[in-house]
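Written out below as structure tokens is the structure these notes cover.
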Amino acid sequence: MAVKKYTCVVCGRVFPEGQGIIIRRANVELTFHSKSCLARFFRLFVERLDEREFRRAAMDVVKEFEELRKARAPSKKI
């Protein structure tokens, strides 16, 4: 059985299934061999987004992470 190979969209490096980062959304597959390639892609992607759309999505995600942090924070017990 052959292992599926992916190509990083940023640097072109080929990596096997089970490694790297693969994002599938809206019939688009984005493949990154490392987190540094993902970060490079993300920076450029964010710069090209419409400001209103970016603000709304970013604030929603920030709020979600804040809620998760609060839920995991230890509470003081007396």
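The values are calculated or read from the model by the stated rules, or taken from the named source; none is laboratory data. Values in this document were obtained by computation on a predicted structure and should not be read as measured data. We place every Cβ from the backbone using ideal geometry, glycine too, and count neighbours over all the protein chains shown. With ligands, DNA and RNA removed, areas are computed over all heavy atoms of the protein, side chains included. Shrake-Rupley method; radii C 1.70, N 1.55, O 1.52, S 1.80 Å.
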Just to be sure I understand, how many residues within segment 8-25 are closer than 16 Å to Phe45 by Cβ and touching a Lys or Arg at 6+ places or on another chain (Cβ under 6 Å)? 1
Checking the structure you have, find out if any residue of segment 18-33 is free of Cβ contacts under 8 Å to residues at least 12 places away in the same chain, hydroxyl-bearing (Ser, Thr, Tyr) and on the phi < 0 side of the Ramachandran plot. no
Using the structure shown, decide if Met59 is open to solvent by 70 Å² or more (accessible area, probe 1.4 Å) and either modelled with pLDDT under 95 or touching a helix residue (DSSP H, G or I) at 6+ places or on another chain (Cβ under 9 Å) (or both). no
Cβ-Cβ below 8 Å, separation at least six or inter-chain, first residue in segment 34-54 and of a type in the set (Ser, Thr, Tyr), second open to solvent by less than 100 Å² (accessible area, probe 1.4 Å): which pairs? Ser34/Cys8; Ser34/Gly20; Ser34/Ile21
Considering only segment 2-13, I want to know if a residue exists there that is at pLDDT below 95, over 14 Å from the mean Cα position of the chain (by Cα), exposed (fewer than 10 other Cβ atoms within 10 Å of the Cβ) and not small (Gly, Ala, Ser). yes
